[in-house]
1. Is at least one residue of the range 252-260 on the phi > 0 side of the Ramachandran plot, assigned to a loop (DSSP other than H, G, I, E, B) and within 15 Å of ligand 1 (Cβ to nearest atom)?
2. Which of (1) of a type outside the set (Val, Ile, Thr); (2) within 16 Å of ligand 2 (Cβ to nearest atom); (3) surrounded by 15 or more Cβ atoms within 10 Å (Cβ to Cβ); (4) within 22 Å of the chain's Cα centre (by Cα) does residue 245 not meet, given it meets every other one?
3. Please go through the range 161-178 and pick out each residue that is under 15 Å from residue 260 (Cβ atoms), away from ligand 2 (no atom under 13 Å from the Cβ) and crowded, with 20+ Cβ neighbours inside 10 Å.
4. Please enumerate the residues belonging to the range 305-327 that are over 23 Å from residue 226 (Cβ atoms) and either within 16 Å of ligand 1 (Cβ to nearest atom) or of a type in the set (Phe, Trp, Tyr) (or both).
5. Could you tell me whether residue 193 is near ligand 2 (Cβ under 10 Å from one of its atoms) and within 16 Å of the chain's Cα centre (by Cα)?
6. I'd like to verify a number: residues in the range 130-177 that are more than 16 Å from ligand 1 (Cβ to nearest atom) and of a type in the set (S, T, N, Q), how many?
7. Take the residues of the range 248-283 that are within 23 Å of residue 194 (Cβ to Cβ) and of a type in the set (Val, Ile, Thr): which is surrounded by the fewest Cβ atoms within 10 Å (Cβ to Cβ)?
8. Against the conditions (1) part of a loop (DSSP other than H, G, I, E, B); (2) farther than 21 Å from residue 191 by Cα, where does residue 86 fall short? Just the number, please.
Amino acid sequence: MRPITNRINTDSLISEIRVLRSKQQARHILVAGGAGFLGSHLCERLLKLGHTVICVDNFSTGLERNISHLRDFKRFSVIRHDVVDPIDIEVDEIYNLACPASPPHYQADPVHTMKTSVFGALNLLELAACTGARIFQASTSEVYGDPLVHPQVESYWGNVNPFGPRSCYDEGKRSAETLFFDFHQRHDVEIKVARIFNTYGPNMRPDDGRVVSNFIVQALKGQDITIYGDGSQTRSFCFVDDLIEGFQQLMATEPSFTGPVNLGNPGEFTILELAEQVIKLTGSRSKMIRKPLPTDDPQQRRPDISLAQSKLGWQPLVPLSTGLERTICYFDRLLTVEAHEWVGTA
Ligand code: NAD
Ligand code: UDP
């Protein structure tokens, strides 16, 4: 890894590179976490726009199946790598999505989750500083914790437990934001920080553990739908295509716009309402059962997206029912294929 101090005399060169790149149509783009749910959609979108995409992933929650169809593109390559360790590649843009996002997955190895957020951000920011690349951070609504301000605006500092079961993720992402802004201020790195609210869609794992995939898989299999707590807690669910559009629009903003900016769908639903919609759309006969509410589970969450609307001209377009239908289709097909494969090997 080139030490960041090497850059001190190369600032004018980096500025020239940036001017040349801004005129360049097709870019070399690193997507860390590119085999995951959001990353695989992002890689596909960038390839279809004509860019060269390097997917960097340790495949801890990411899947080969999410990206196998992209291997037909000559401009697509995959590097199996853990972002906790430095990486040195010549790139024009970086998207940092590498981090498990589902509570059961990020809580499975909390120390590694924290290292992924902090060392991952540090390593990719150093790469951005050395190459002059613009860098995007997939931050999260979890930086607001269990919010006392509703809906959540970017100026709200949050209500986060520093040592609970969610802290490795929440505090890791908060530290990553700190690093992003320090590199921007001290090393003139062009940063774009998105605070992503609950997003769902195809390419989630059936065993992901988040609420939308759990409910759909349970409904399709005729299993009980697991409501944690009394189901009165709320979330705002964004369909993946809308979110990826928001990433593109944020990345295309002028260099002085750094964020943080909320990206999410402001439609707010209780978990019970979500379960009812899934049961209706799948025609399932599953019944709802209660399970204990996880510790520190936020009671309510809804993004204020005024900043995204004014700065990016972005807002989500896909209603929950439409997004759920598309996601149900995906899981229906996936579970059918998996059942056939299982019969084939039995
Ligand atoms: P995901 O778990 O499907 O994808 C994460 C990807 O990162 C996986 O491919 C995984 O293998 C990879 N990864 C994890 N740790 C890594 C490491 N140390 N080195 C290299 N690769 C690593 O999750 P997702 O929903 O696609 O989330 C992507 C990003 O967006 C995450 O950073 C997450 O925090 C953020 N985010 C997502 C949501 C959402 O609702 N989907 C909401 C807020 C923030
Ligand atoms: N949840 C639930 N049943 C499940 C999975 C999750 O009731 O099978 C609840 C969970 O307690 C939380 C909400 O759904 O209140 C969203 O959970 P998820 O893990 O999807 O995301 P996060 O809590 O990180 O927003």
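The values are calculated or read from the model by the stated rules, or taken from the named source; none is laboratory data. Just so we're clear, the structure is a prediction, and the values are computed from it rather than from any experiment. Backbone-built Cβ (ideal geometry, glycine too); neighbour counts: all protein chains shown.
1. Within the range 252-260, one or more residues are on the phi > 0 side of the Ramachandran plot, assigned to a loop (DSSP other than H, G, I, E, B) and within 15 Å of ligand 1 (Cβ to nearest atom).
2. (2)
3. 174, 176, 177
4. Once the filter is applied, which keeps residues that are over 23 Å from residue 226 (Cβ atoms) and either within 16 Å of ligand 1 (Cβ to nearest atom) or of a type in the set (Phe, Trp, Tyr) (or both), the range 305-327 yields 305, 308, 314, 316, 318.
5. The answer is no for residue 193.
6. Matching residues across the range 130-177 total 4.
7. 253
8. (2)
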